[in-house]
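Here the structure is laid out as structure tokens; the discussion comes afterwards.
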Amino acid sequence: MDASIHLHILASGSKGNAAVVEGPSGSVLVDCGISRRELHRRADAAEVDLSRVEAILVTHEHTDHTSGLPVVCKHFDGPVYATFGTAHARPTLAALPFTTVARDVTLSLGGMRVQAFPLSHDVADPICFRFERWEQNHLVDALAWATDTGILTKQALEALRGCRILGIEANHDREMLATGPYPYFLQKRVGGNHGHLSNAQAAEALPQLLTSETQTVVAMHISQKNNLPELAHDALCEAVGTQAEVLVASQTEPLTIW
Ligand SMILES: [Zn+2]
Ligand SMILES: [Zn+2]
């Protein structure tokens, strides 16, 4: 049996987010801010078998993470996990069959241990997840990511440390945000403690997150208005050096990391 966990980032950015984490005995869909049709189109392109999805995890209520859920949930029998705050944040989500969980819940899904951790974002109760594979009391694989957070909480730093695959938000370049098209209040929101991580913040956090286990670092939730993939890539490369490869997740194309 393949002991490792695989990550398919089907969409990443403010126009929609969805990722499938493939464990040894099943998969998990994290967020669905794209339509069901687009979810299936991208899953097919990435050769992801959506019939293996045994649970849906929802990080927070923003539409770029939830817009596809009402239709996807109509065709899905498994549990849909979210915090109480997320589940009750919006009328459009009220009818979904949520199982509410604590922000530090541990779940067992797809042969993986799934650990939730809290983020700092302008929503009710945002979380993200670390996925681990254990064999005979040994940790054999781990991956985690954090996006939609203005700062990395202590729990997020702990969860992101020592992963083979590490995803980190590199939402904006500070200079581009300050001189870009956003009005001042939105610049303050995006760059604030409950907004999104900048390239510089991601780069600054990386030294304490990388270990000898880390093989791949992925820049995620890149703004199409306030950042460029090259800027995010360069900023993270500088922090990572030769220790790991650096990839950039896309708004439009799936990215698979085996
Ligand atoms: Zn988002
Ligand atoms: Zn958000």
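The values are calculated or read from the model by the stated rules, or taken from the named source; none is laboratory data. Computed from a prediction, not measured in an experiment: that's the story for all the values here. Every residue, glycine as well, gets a Cβ built from its backbone with ideal geometry; the counts of neighbours run over all protein chains shown.
Whether a residue is away from ligand 1 (no atom under 16 Å from the Cβ), buried (at least 22 other Cβ atoms within 10 Å of the Cβ) and under 16 Å from the mean Cα position of the chain (by Cα) was assessed, and R130 passes this test.
Once segment 1-58 is narrowed to residues that are modelled with pLDDT under 95 and of a type in the set (A, V, I, L, M), the residue that is farthest from ligand 2 (Cβ to nearest atom) is M1. Within segment 1-45, the set of residues being of a type outside the set (D, E, K, R), under 30 Å from N226 (Cβ atoms) and over 17 Å from the mean Cα position of the chain (by Cα) comprises S35, A45. Of all residues in segment 133-152, those satisfying the criterion of being within 16 Å of ligand 2 (Cβ to nearest atom) and buried (at least 21 other Cβ atoms within 10 Å of the Cβ) are W145, A146, T147, D148, T149, G150, L152. Scanning segment 100-110 for residues that are under 16 Å from D31 (Cα atoms) and not in a loop (DSSP other than H, G, I, E, B) yields T100, V101, L109. Check segment 66-74 and report whether any residue there is within 16 Å of ligand 2 (Cβ to nearest atom) and of a type in the set (A, V, I, L, M, F, W, C). Within segment 66-74, one or more residues are within 16 Å of ligand 2 (Cβ to nearest atom) and of a type in the set (A, V, I, L, M, F, W, C).
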